[in-house]
Every structure is written in C-alpha cells, then in structure tokens.
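J.: The structure that follows is given in the form of structure tokens.
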Amino acid sequence: MVQPVFRFAPSPNGFLHLGHALSALLNCELAAANGGRFLLRMEDIDPTRCRSEYEAAICEDLDWLGLAWEQPVRRQSEHLDAYAAALARLDALGLVYASFESRGDVARLVAERETQGPWPRDPDGAPLYPGHSQALPAAERARRMAAGEPYALRLDVSAAMEVAGPLMWDEHGAGPGGESGRLAADPAQWGDVVLARKDIPTSYHVSVVVDDALQGITEVVRGQDLFAATSIHRLLQALLGLPEPAYRHHRLIRDDAGRKLSKSTRATALRSLRAAGATPADIRRLVGL
C-alpha cells in the first residue's frame with residue numbers, strides 16, 4: 001500500500017491568516033490519521049513579492065500551532081530548471097506560444113469585443129485571452145522574443161485537450177457547489193492560460209503539478225478557491241505524463257463581508273492574533289476544528 005503524502009504550500013509573500021491555518025491543520029492531521037507524511041513547500045516563484053522574512057514567519061507560525069513537517073523545505077525558486085524542462089516538453093508537443101499584449105492591451109481588446117456582447121471570463125473572473133498571437137508566424141514570434149519584447153508563454157488549451165482527451169479527477173472534499181466523487185475536468189473554461197513570462201520563467205499551474213509529482217504528493221488538500229484550477233492541473237499532468245493525485249477541496253474562512261480571507265485584503269495575521277493573546281486552541285476554534 002502506498003503511503004499517503006500531504007503538503008502545505010504557502011507563498012512567502014505575506015503573513016499567514018486563519019485560512020492558511022485551516023489548510024495547514026487539515027493537511028497535517030489527515031497525514032497523521034492516515035499514517036502519511038506531511039511536507040512544507042514554499043511557492044516563491046515571484047522574486048518581487050516573496051521574502052525570506054515571510055518564510056521565517058510562516059515556519060514560526062506553523063511551529064506555534066504545533067505542526068511538524070519533514071525537512072528540507074522545498075523552495076520553488078531553487079528548482080526553476082525542473083519547470084523549464086516541463087515547458088520544453090509542452091513546447092515540443094507544439095502546445096505553447098508566445099503572446100505579446102500587455103495587460104492594458106488585453107483590457108482594450110476585451111472592451112472592443114464587449115461592444116458586441118459579453119466576453120467570457122475564467123473561473124477567477126479574468127477575461128479569457130482575446131489576442132491573436134497564436135496566429136503569428138513562428139519566425140515572427142521568435143524574432144520578437146529575441147528582440148527583448150515582454151511576452152507571456154501560453155498553453156494552446158484547445159490543441160492540448162485534443163492531445164490529452166477527456167480527463168477526470170477524484171474529489172474527496174467538495175467544490176463550491178458541493179461537487180464530489182469522480183469529476184470531469186473542464187480546462188476550456190480557462191482559455192489559453194499563461195505558463196510563464198519573460199520575467200518569471202514559470203507559473204503557479206506549471207510549478208504546482210511538477211512539484212506535486214516530484215515530491216510524490218498523493219493527496220492535494222487545499223481551499224475551494226482552487227477547485228476550478230484542478231481542471232488545468234489535470235490537463236498539464238496528462239500532457240507531461242505526471243501521476244494523478246486525489247484532491248480534497250475544503251471550505252474557505254470568510255470575513256464579515258463574506259469575502260475569503262486574503263493577504264491582499266489585509267486579513268488579520270496569525271501572528272497578530274497570537275500577540276493579542278490567542279492560543280493554538282483558540283485558532284482551532286476560530287477555523288471550526
């Protein structure tokens with residue numbers, strides 16, 4: 001019988017909040033209950049936002065909560081070659097192309113298209129890629145990249161779906177609508193997602209599936225805000241020949257306005273709660289455990 005392997009994978013771009021605490025506690029306790037391993041991974045691919053002091057604070061908070069994890073901690077910034085190899089494999093399949101529109105260009109193109117009606121959005125609410133870079137001759141794309149133009153490497157999702165065929169995943173938790181069991185993946189809802197940029201040579205989607213495979217993760221336990229992303233992750237796993245873990249998406253901790261807790265909305269940090277006198281038992285109560 002394969003030993004289950006769980007992981008908690010925060011980005012060290014801010015302090016942990018109650019939502020992080022719920023995810024970390026669930027992963028650690030499920031690992032203990034199932035005779036499994038619990039790993040910690042730092043998703044630090046963005047050098048402009050991720051800092052060593054945040055990583056140290058994350059470890060301090062998790063230790064205060066009473067969690068223990070295997071060493072060493074995996075840092076994505078130390079494994080960019082693994083993500084480059086995955087991108088090269090996708091490129092060899094003819095599934096990657098460079099796009100050159102800025103965020104402002106994309107917004108303008110979407111506004112133009114919406115004069116004719118609503119433009120589709122991905123599950124996170126961002127407009128699907130509206131540009132025409134895929135139609136550029138390969139030599140022209142190569143010339144513009146060599147000239148130093150900013151670019152994003154995108155996955156041709158329609159072509160990728162033809163290569164991969166129908167995809168499913170095992171959901172042991174529940175999606176936002178209560179979905180569970182053996183579920184069908186729907187990568188098309190994301191459009192041609194970004195796999196890397198000139199200044200950041202990978203993306204969350206690429207790095208997470210590569211890391212999960214290299215670390216032998218068998219159980220991905222994470223918040224419902226990432227439920228829809230599983231469709232793209234299953235597509236990349238199939239294209240790259242990576243194993244399929246089981247997924248368990250858990251409820252989100254929300255603020256008084258009903259929004260999920262987020263660093264960007266300045267959700268109260270665990271360290272602030274601790275400084276105010278909270279105990280680990282208080283944290284467990286606050287997250288409903």
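J.: Applying the Karplus parametrisation 6.51 cos²θ - 1.76 cosθ + 1.60 with θ = phi - 60° to the phi angles of segment 275-289, what ³J(HN,Hα) value in whole Hz is obtained for each residue in order, glycine and proline being reported as x?
T.: Whole-Hz 3J(HN,Hα) from phi for segment 275-289: 5, 7, x, 5, 10, x, 5, 5, 4, 4, 5, 5, 9, x, 9.
J.: Where the convex hull is taken over the Cα atoms of segment 179-236, what is its projected area averaged over directions, in nm²?
T.: Details: hull surface 19.2 nm².
Computing the convex hull of the Cα atoms and averaging its projections yields 4.8 nm².
J.: If each of GLN3 and ARG285 carries a label point 7 Å out from its Cα toward its Cβ, how far apart are those two points in nm?
T.: Once both label points are built, they end up 3.6 nm from each other.
J.: Taking the Cα atoms only, what angle lies between the long axis of helix 52-64 and the longest principal axis of the chain, rounded to 10 degrees?
T.: Helix 52-64 sits at roughly 40 degrees to that axis.
J.: Moving on to the next point. For the chain, what proportion of DSSP beta bridges, expressed in % and rounded to the nearest 5, is antiparallel?
T.: Details: 14 of 26 bridges.
Given both bridge residues lie in the chain, the antiparallel proportion sits at roughly 55 percent.
J.: Oh, and also: With just the Cα atoms defining each centre, how far is segment 230-259 from segment 1-47? Give it in Å.
T.: Computed from Cα coordinates, the inter-centre distance equals 14 Å.
J.: Oh, and also: From the backbone phi of segment 145-161, what are the Karplus-calculated ³J(HN,Hα) couplings (6.51 cos²θ - 1.76 cosθ + 1.60, θ = phi - 60°) in whole Hz, Gly and Pro given as x?
T.: Values, residue by residue: 5, 5, 7, x, 5, x, 8, 10, 8, 10, 8, 6, 5, 4, 5, 5, 5 Hz.
J.: Between GLU149 and ASP63, what FRET efficiency comes out of the Förster formula 1/(1 + (r/R0)^6) with R0 = 45 Å and r the beta carbon distance, rounded to 0.05?
T.: On the way: r = 45 Å, r/R0 = 1.01.
The computed FRET efficiency comes out at 0.50.
J.: Normalising by the residue count of segment 154-275, find the relative contact order in percent from Cα pairs under 8 Å and 6+ residues apart. Let's see the in-between values first.
T.: Details: 153 pairs, mean separation 35.4, N = 122.
Over segment 154-275, the number comes to 29 percent.
J.: If you take the beta carbon distance between ALA88 and ASP46 as r and set R0 to 22 Å, what does 1/(1 + (r/R0)^6) give as a FRET efficiency, to the nearest 0.05? Mind dumping the intermediate values first?
T.: Numbers: r = 21 Å, r/R0 = 0.98.
It comes to 0.55.
J.: How tilted is helix 18-33 with respect to the longest principal axis of the chain? Cα atoms for both, answer in degrees (0 to 90, nearest 10).
T.: 70 degrees
J.: I want to make sure I understand the PRE zone here: with the label point 7 angstrom from the Cα of ARG113 toward its beta carbon, which residues in segment 132-169 have backbone N atoms less than 16 Å away?
T.: Backbone N within reach: 132-136, 154-159.
J.: Across 10 Å bins from the origin, how do the percents of Cα pairs in segment 167-277 run, short distances first?
T.: 12, 37, 32, 16, 2
J.: Given R₀ = 51 Å, FRET efficiency for ASP186-GLU140 by Cβ-Cβ distance, to 0.05?
T.: My answer for the efficiency is 0.95.
J.: Please provide three numbers in whole Å: the alpha-carbon extents of segment 9-72 along the principal axes, with the largest listed first.
T.: 38, 22, 16
J.: Answer with one residue from PRO120, SER133, ALA159: the one whose Cα lies farthest towards the positive end of the charge dipole of segment 115-170, charges on Cβ with Lys, Arg +1 and Asp, Glu -1.
T.: SER133
J.: Can you tell me the relative contact order of segment 139-213? Whole percent, Cα pairs under 8 Å, sequence separation 6 or more.
T.: Details: 66 pairs, mean separation 24.6, N = 75.
Across segment 139-213, relative contact order equals 33 percent.
J.: Here's something else I'd like to know. Label 7 Å along Cα→Cβ of MET168; segment 213-246 residues with amide nitrogen under 16 Å?
T.: Counting only backbone N, you get 231, 234-235, 238, 244-246.
J.: Another question, if that's okay. Can you quote the Å³ per residue value for the convex hull of the Cα atoms in the chain, rounded to an integer?
T.: Details: hull volume 44.4 nm³, N = 289.
Considering the Cα atoms of the chain, their hull volume per residue is 154 Å³.
J.: With everything on Cα atoms, drop me the angle between helix 103-113 and the longest principal axis of the chain, reported from 0 to 90° to the nearest 10.
T.: 70 degrees
J.: Could I ask something else about it? Any idea what Rg and Dmax come out to for segment 1-112 if you just take the C-alpha atoms, in Å?
T.: Cα-based Rg and Dmax for segment 1-112 come out at 18.5, 56 Å.
J.: Oh, and also: Starting from segment 99-145, pick out the GluC sites (Glu not before Pro) whose DSSP state is loop and whose Cβ has at most 12 other Cβ atoms within 10 Å.
T.: On the way: sites: GLU101, GLU112, GLU114, GLU140; in loops: GLU101, GLU114.
In loop regions of segment 99-145 (DSSP not H, G, I, E or B), the sparsely surrounded GluC sites (Glu not before Pro) are GLU114.
J.: Now, a different point. If you take the C-alpha gyration tensor of segment 85-153, multiply each eigenvalue by 5 and take the square root, what semi-axes do you get, largest first, in whole Å? The partial results should precede the final answer.
T.: Details: eigenvalues 125, 46, 22 Å².
Working through the eigenvalues yields semi-axes of 25, 15, 11 Å.
The numbers here are math on the coordinates, done by the rules we state, and not lab data. Since the structure is predicted, the reported quantities are computational estimates derived from the model, not experimental observations. Cβ atoms come from the backbone with ideal geometry, glycine included; neighbour counts cover every protein chain shown.
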